[in-house]
Amino acid sequence: MQATKGHAYGGAVNGPLAHVARIGGQCRALWNLFLAETADRYRAEGKFLFYAEMSAGLPRLLKDDPRLAGLPHRAAQMTVQRLDRALRDCAKAKGGARKGFPRFKRRDDRRDGFQFVGRECRFETGRVRLPKVGWVRVRGLRLPAAAAPKVVAVTQEPDGWHVSVQFEAPPKPYAAPTRPVVGVDAGLLHLAILSDGARIEAPRLARKAEKRIRRLNRERDRRRKGGVNRRRTVARLARAHRAVRNARRDHLHKATRRLVDAYAGFAVETLSLKGLARTRLAKSFADAALGEMLRQLAYKSRWAGREWRELPRFARSTGVCPACDATGPKLPLAVREWACETCGAVHDRDVAAAGIVLRRAVGGASPEPAGAVRRKRGFAVRGGERAQVRSSHGGPPANVAEVMVHD
Ligand SMILES: [Zn+2]
């Protein structure tokens, strides 16, 4: 499922945006109401309130509580669904990490929001019609002609209201690949390096925008809490953060699209992102969003029917010779180029590492005389036999279009 976003604007105090704000407040009240009830229940009986119960009580609540007058039933129902999901995440540990008890929402957070089902809304260029709200002008929201809107989310951000639409549409066809399967590895100076020597650059724009964010952060801290100026700075900050997010997303989507268009497939190493976060490189890795790049590469490969080989990270890939498979000494970070001690081939550090990923994924040209030894040393994969063609990164279903995200 892909999403496109727009910024809702215009609307006088009594116009559609006032309705949007009212519904946002009502959904916040509803969330807090059920959350308080759940907290009471938990204290008394050690049990949570779940969807069936909340949903059953909803029609009556909407009818009887004057604070909720005029709240569209669907928006209320979807608020309850989200609370239910938050409670379930809290109740059972998911992947080892249990989430905390959901929080009460405050008006001052200016983070209200609600959702509609796509078929209840109408879309035209520059505007969207929401149930019980009417037409809302929206800047930059563009849906492909064949798009079937699924979920329409209206959310408040410090600088105003935003509309995002998740939709399904037929995918844009990919070109026939002209290049063979390639190995992908994390670069130090680049976002990623391919085994054929191609490099994917990290977006440059983000750096500049980050400077602006740091400046705005300092400015915000100078402003009085609760003051108008502080709120203005926070709005500017939100816009700056969004600009960075969008620039990165745009860059990544274009880069991965180009890659999937060009190559017959990809061999990647599953990255231990937790491991990376502990290192000094964490910042530049997070910055480069390598994990997101691999996720996009995985699902786009699936859409395009490309080969996808994902190997567990089982050994170091730097310092291993892609020409003869000899393992040389560890390379300090400063060493960009090195020569193999066994065969004398000269390698670029990162390109060679990507070459090793490819070699392990598809099986090297050399036989595996040292197989037993390798096993002993903890290699899980031999000659690529157990390289898996799968995607653990998730991604949208196959019948969904890939669209640029606008803001
Ligand atoms: Zn060599």
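Values as computed for the structure displayed
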quantity: Peptides 144-155, 56-67, 246-257, 209-220 ordered by average Cβ neighbours within 10 Å, highest first; calculated: 246-257, 144-155, 209-220, 56-67
quantity: Distant-in-sequence amide H partners of Trp308 (H built 1.01 Å from N, under 5 Å); calculated: Phe266
quantity: Under-5 Å amide H pairs with Asp112, H placed in peptide plane, nonlocal only; calculated: Gln156
quantity: Cβ crowding within 10 Å averaged over residues, with 346-354, 175-183, 41-49 ranked highest first; calculated: 346-354, 175-183, 41-49
quantity: Too-long pairs where the Cα-Cα distance tops 32 Å, listed order kept, from Lys105/Lys132; Lys211/Lys254; Lys99/Lys150; Lys47/Lys132; Lys225/Lys254; Lys92/Lys211; calculated: Lys47/Lys132; Lys225/Lys254; Lys92/Lys211
quantity: Whole-angstrom gap from region 222-267 to region 111-186, using each part's C-alpha centre; calculated: 16 Å
quantity: Interchain or long-range residues, amide H under 5 Å from Ala345's placed H; calculated: Cys340
quantity: Selected from Trp161, Leu17, Tyr42, residue furthest toward positive end of dipole (region 2-168; charges at beta carbon); calculated: Trp161
quantity: Radius 14 Å from Cβ of Ala76, net charge of other residues (Lys, Arg +1; Asp, Glu -1); calculated: +3
quantity: Sites Lys330 and Asn217, calculated FRET efficiency, Cβ-Cβ separation with R0 35 Å, nearest 0.05; calculated: 0.35
quantity: Cβ-based net charge around Glu37, under 14 Å, with every Lys or Arg adding one and every Asp or Glu removing one; calculated: -1
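None of the figures in this text is laboratory data; all of them are computed from the coordinates on show. Source: prediction; values computed, not measured. Quick reminder, even Gly has a Cβ in these numbers, built from the backbone with ideal geometry, and neighbours come from all protein chains shown.
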